[in-house]
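The values are calculated or read from the model by the stated rules, or taken from the named source; none is laboratory data. Fair warning: this is a prediction, and the values are worked out from it, not measured in the lab. Cβ atoms come from the backbone with ideal geometry, glycine included; neighbour counts cover every protein chain shown. Please note that ligands, DNA and RNA were not included when accessible areas were found on the heavy atoms of the full protein model with its side chains. Shrake-Rupley method; radii C 1.70, N 1.55, O 1.52, S 1.80 Å.
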Amino acid sequence: MKSSKWFKYMIIAAILSCLALFLFNIVIDPFGVFGDRFINFYAYDMNNNPRVAKIAYLDTHHEDYNSYVIGGSKSSSLSPALLNQYFEDASFYNMMMYGGDFYDYEKTIHYLVEHYEVKNIILHMSMQEIDHYNQSPRNINTELSEKVLSGNKVKYYTKYLTLNLEHSFKKLEGLLQRTVNPMAYSTFVPELGVYNKSQRDQEDLGSLEDFLIKYPEFSEPLWPLYGTAIDDNVEAIKRIKTYLEEKGISFTFVAAPTYYKEMDRYATEDLQRLWRGIASVTDFWDFTGYNVLSYDARNFYDRMHYRNNLGELMIHKMFSNDEIEVDGFGYYTTAQNVEERLLQMLSNRVEETDTESVNVPIVMYHHILANDDDTQNITRDKFEEDLKAYQAEGFETIQYKDLINYVYDDVSLPEKPLIITFDDGYLSNYEIAYPLLEEYDMKAVISLIGWSVGKSYDAVKESDIIPHFDWNEAKEMSASGIIEFQSHSYDLHALQTDEQSRSGVLQLPGEDTIKYIEVFKNDHKRMLESMITNIEKRPTFFTYPYGYYNPFTEGLLKTLGYYGSVTVEEGLNSITRDPSSLFSLKRIDASKWLSSDDIINKIESYYK
């Protein structure tokens with residue numbers, strides 16, 4: 001057969017394959033982009049990406065609705081059925097979206113108003129919006145519908161026509177699971193747009209004490225969020241309100257109920273600036289703050305999401321003619337009373353301006369030798385002498401988690417705290433340091449390099465490296481409580497050797513900032529996944545490779561949810577109730593060249 005015929009057949013086969021792919025993705029429609037006309041598995045679509053799936057659903061069902069709740073995932077607890085009872089001739093739909101911000105809300109509102117009948121909009125603020133606006137990069141589970149963005153429709157539909165088949169196969173798998181378990185993939189109630197919490201709401205919550213034992217995460221602090229997007233948020237609220245008023249559409253703004261642990265994550269000055277900004281734009285209902293309901297974990301599904309019963313109470317409080325009084329819950333805030341509200345809202349919190357401080361020295365180790373050699377590494381005997389010296393001077397070892405509890409939960413620290421740290425994750429930490437720490441009833445922190453766990457050979461550099469302990473050994477140490485594990489980066493532990501290699505986590509000269517942020521975030525993601533998978537712990541502190549850092553890297557760490565960072569700068573740390581005191585922590589190098597007495601003297605010198 002001539003080559004031209006083979007080529008023709010190949011072209012025809014390729015075209016038929018593409019058409020088959022297009023048809024399969026249209027029929028299965030795992031994101032509901034094409035209206036899910038054949039399977040009608042809308043709950044699955046919305047679970048994948050409610051931003052996209054709900055718009056597709058409403059394009060064919062919008063005549064059933066004329067009012068909308070707009071907000072992040074917390075807003076799911078505002079019941080459309082109950083709202084309909086308070087709004088005349090209203091039929092509400094909840095447009096809740098994962099991790100939404102005010103950019104998403106504004107774009108979505110414009111699309112609804114321009115394409116559907118809209119009488120009422122309730123705009124719901126979850127609080128987490130405080131630190132992001134139009135966040136990027138987006139992925140297929142968090143991006144807005146191209147329809148909402150008024151983007152290129154050809155590009156939009158082509159992306160979903162050519163989806164990896166795994167998305168469609170997973171939807172078919174979900175359908176099969178539903179034949180066995182009707183509750184499978186029933187996260188959403190498509191007709192209302194809300195989470196399906198029917199099973200969770202039937203749970204016997206019991207006493208608060210029993211509940212906290214069953215769900216210990218409610219006792220743990222949340223990482224801090226900073227008000228980097230406050231100005232963008234306030235301007236967006238202003239534009240939304242103006243736009244809706246011009247269209248003659250009713251507008252209600254509400255701030256969500258907030259578990260007290262979440263309230264603790266926001267700085268006082270950020271809350272004050274945000275509240276004053278919102279009050280200058282619109283009157284609003286405020287259900288945040290420290291009150292009898294926010295202190296009771298049973299009112300929340302998790303630390304970030306309030307239960308449906310609170311949502312019902314909010315609606316009654318906002319729209320009922322009956323007086324509904326729950327101490328401190330629900331405050332109608334205006335430009336005239338915002339200062340009074342801030343005093344009330346923040347009256348029970350531990351102020352970050354608290355002048356109390358604790359001096360915390362941190363000593364730094366790396367590899368430990370069984371016997372001395374000509375390297376700078378210390379020996380087993382020297383490390384044991386150091387431990388004895390620390391105890392003789394009355395130091396009590398703690399870990400970074402104790403600093404977090406001190407700052408966020410008012411948990412006291414010992415009179416003379418000391419943190420012993422190891423960088424990199426060498427096998428000698430497991431074989432030598434760990435048994436000695438256990439023998440002397442002391443604790444330490446090891447900051448891991450993710451890629452090198454369990455390795456003794458660097459395949460990239462094609463060279464042997466000092467052996468590192470493996471994940472099983474790490475899990476054993478972590479379970480003992482003697483060792484706490486933190487991040488030393490997954491694969492950013494390197495010294496700059498040329499213009500193409502970075503210094504630790506720093507940005508390369510001329511490197512695109514967006515790409516650099518993506519590199520930083522991807523490295524964090526790999527480290528996070530490795531630690532959670534292997535030792536069921538997430539990193540809360542970041543130890544900078546070679547100590548290289550700057551204000552931008554500090555900001556990135558805060559955005560990623562770290563509670564603190566550690567450098568190699570020498571000195572003593574003064575820890576206050578201010579979360580910022582946990583960043584850029586200094587350390588003292590317990591080097592081979594310093595005797596145990598020298599180390600103690602150096603620590604003591606910083607107290608003076």
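Scanning the range 146-163 for residues that are farther than 20 Å from N134 by Cα and assigned to a helix (DSSP H, G or I) gives K153, V154, K155, Y157, T158, K159, Y160, L161.
Here is the figure for the range 438-449: residues that are open to solvent by less than 40 Å² (accessible area, probe 1.4 Å) and either touching a Gly at 6+ places or on another chain (Cβ under 9 Å) or charged (D, E, K, R) (or both) total 4. Scanning the range 72-103 for residues that are in contact with a Lys or Arg (Cβ under 7 Å, 6 or more places away or on another chain) and assigned to a helix (DSSP H, G or I) yields a total of 1. Taking residues in the range 537-556 that are among the charged types (D, E, K, R), and partners anywhere that are open to solvent by less than 60 Å² (accessible area, probe 1.4 Å) and assigned to a loop (DSSP other than H, G, I, E, B), the pairs with Cβ atoms closer than 7 Å and at least 6 places apart or on different chains are E554/F583; E554/S584. Within the range 358-379, the set of residues being open to solvent by less than 60 Å² (accessible area, probe 1.4 Å), touching a helix residue (DSSP H, G or I) at 6+ places or on another chain (Cβ under 8 Å) and in a loop (DSSP other than H, G, I, E, B) comprises P361, H367. In this structure, E262 does not qualify as outside any loop (DSSP other than H, G, I, E, B) and open to solvent by 20 Å² or more (accessible area, probe 1.4 Å). Within the range 80-135, restricting attention to residues that are over 21 Å from I315 (Cα atoms) and among the small types (G, A, S), the residue that is least open to solvent (accessible area, probe 1.4 Å) is G100.
So in the range 530-557, with the set limited to residues that are over 19 Å from the mean Cα position of the chain (by Cα) and open to solvent by 20 Å² or more (accessible area, probe 1.4 Å), which one is modelled with the lowest pLDDT? The extreme case among them is P551.
State which residue is least open to solvent (accessible area, probe 1.4 Å) when the search covers only the range 413-437 and only residues that are of a type in the set (S, T, Y) and not in a helix (DSSP H, G or I). Explain how you work it out, then say what you get.
If we filter the range 413-437 for residues that are of a type in the set (S, T, Y), which is where we start, we get 421, 426, 428, 430, 434.
Filter once more, so that each one left must be not in a helix (DSSP H, G or I): 421, 426.
Numbers: T421: 3, Y426: 34 Å².
So, considering only residues that are of a type in the set (S, T, Y) and not in a helix (DSSP H, G or I), the one least open to solvent (accessible area, probe 1.4 Å) is T421.
Filtered by the rule that a residue be at pLDDT 95 or above and either of a type in the set (V, I, T) or open to solvent by 60 Å² or more (accessible area, probe 1.4 Å) (or both), the range 576-587 gives a lone residue, K586. Just the residues that are open to solvent by less than 30 Å² (accessible area, probe 1.4 Å) and not small (G, A, S), please, taken from the range 301-322. Across the range 301-322, the qualifying residues are Y301, Y306, R307, L310, M314, I315, M318. Scanning the range 450-487 for residues that are closer than 17 Å to I368 by Cβ and either open to solvent by 20 Å² or more (accessible area, probe 1.4 Å) or not in a helix (DSSP H, G or I) (or both) turns up S456, I465, I466, P467, H468, F469, E473, I482, I483.
Of the residues E203, E191, E209, the single one that is at pLDDT below 90 and open to solvent by 60 Å² or more (accessible area, probe 1.4 Å) is E209. Every test in (1) of a type outside the set (F, W, Y); (2) over 28 Å from the mean Cα position of the chain (by Cα); (3) open to solvent by less than 70 Å² (accessible area, probe 1.4 Å); (4) under 27 Å from E106 (Cβ atoms) is passed by E245 save one, and that test is (3).
Please determine whether any residue of the range 506-515 is under 30 Å from F383 (Cβ atoms), modelled with pLDDT under 95 and part of a loop (DSSP other than H, G, I, E, B). Step through it out loud before you land on a result.
Pass one, the range 506-515, residues under 30 Å from F383 (Cβ atoms): none.
Within the range 506-515 (the criterion being under 30 Å from F383 (Cβ atoms), modelled with pLDDT under 95 and part of a loop (DSSP other than H, G, I, E, B)), the answer is no, since none of the residues qualifies.
Of all the residues in the range 16-58, those that are outside any helix (DSSP H, G or I) and polar (S, T, N, Q) number 2. Looking at the range 272-291, is at least one residue closer than 18 Å to S219 by Cβ, open to solvent by 10 Å² or more (accessible area, probe 1.4 Å) and either at pLDDT below 95 or among the polar types (S, T, N, Q) (or both)? Within the range 272-291 (the criterion being closer than 18 Å to S219 by Cβ, open to solvent by 10 Å² or more (accessible area, probe 1.4 Å) and either at pLDDT below 95 or among the polar types (S, T, N, Q) (or both)), the answer is yes, since at least one residue qualifies.
Which residue, of V505, V566, V519, is within 30 Å of D373 (Cα to Cα) and hydrophobic (A, V, I, L, M, F, W, C)? Give the derivation first.
Values: V505 fails: within 30 Å of D373 (Cα to Cα); V519 fails: within 30 Å of D373 (Cα to Cα).
Answer to the selection: V566.
Within the range 169-179, is even one residue open to solvent by less than 70 Å² (accessible area, probe 1.4 Å) and among the hydrophobic types (A, V, I, L, M, F, W, C)? So far as the range 169-179 goes, yes, one or more of its residues are open to solvent by less than 70 Å² (accessible area, probe 1.4 Å) and among the hydrophobic types (A, V, I, L, M, F, W, C). Scanning the range 209-236 for residues that are touching a residue at least 40 places away in the same chain (Cβ under 8 Å), assigned to a helix (DSSP H, G or I) and within 30 Å of G277 (Cα to Cα) gives I230, D231, D232, N233, V234, A236. Contact annotation: residue pairs with Cβ atoms under 7 Å, 6 or more positions apart or on different chains, pairing a residue in the range 508-534 that is farther than 18 Å from A494 by Cα with a partner that is open to solvent by 40 Å² or more (accessible area, probe 1.4 Å) and part of a helix (DSSP H, G or I), are N534/W471; N534/K475. Say whether the condition of being closer than 30 Å to E439 by Cβ and aromatic (F, W, Y) is met by at least one residue in the range 476-488. Yes, some residue in the range 476-488 is closer than 30 Å to E439 by Cβ and aromatic (F, W, Y). Candidates in the range 13-57 are the residues that are small (G, A, S) and touching a strand residue (DSSP E or B) at 6+ places or on another chain (Cβ under 9 Å); of these, the one that is modelled with the lowest pLDDT is A43. Being more than 13 Å from S73 (Cβ to Cβ), in a helix (DSSP H, G or I) and either touching a Leu at 6+ places or on another chain (Cβ under 6 Å) or hydrophobic (A, V, I, L, M, F, W, C) (or both): is that true of I109 here? So I109 fits the description; yes.
In the range 158-186, the residues that are within 21 Å of F34 (Cβ to Cβ) never reach a residue that is open to solvent by 60 Å² or more (accessible area, probe 1.4 Å) and of a type in the set (D, E) with C-beta atoms less than 9 angstrom apart, at least six apart or across chains.
Among the residues that make up the range 6-18, is at least one of them aliphatic (A, V, I, L, M) and in contact (Cβ under 8 Å) with a residue 40 or more places away in the chain? No: the range 6-18 contains no residue that is aliphatic (A, V, I, L, M) and in contact (Cβ under 8 Å) with a residue 40 or more places away in the chain.
In the range 380-412, how many residues are more than 24 Å from F541 (Cβ to Cβ) and either part of a helix (DSSP H, G or I) or without any contact (Cβ under 8 Å) to a residue 40 or more places away in the chain (or both)? Spell out how you get there, then give the answer.
We begin by selecting, within the range 380-412, every residue more than 24 Å from F541 (Cβ to Cβ); these are 380-382, 384-385, 388-389, 391-394.
Narrowing the set further to residues that are either part of a helix (DSSP H, G or I) or without any contact (Cβ under 8 Å) to a residue 40 or more places away in the chain (or both) leaves 380-382, 384-385, 388-389, 391-392, 394.
Adding up the residues that qualify gives 10.
Can you tell me how many residues within the range 280-301 are in a loop (DSSP other than H, G, I, E, B) and out of contact with any strand residue (DSSP E or B) (no Cβ under 7 Å at 6 or more places or on another chain)?
First, the residues of the range 280-301 that are in a loop (DSSP other than H, G, I, E, B): 282-283, 287-296.
So of that shortlist, the ones also out of contact with any strand residue (DSSP E or B) (no Cβ under 7 Å at 6 or more places or on another chain) come out as 289-296.
The number of residues fulfilling the criteria is 8.
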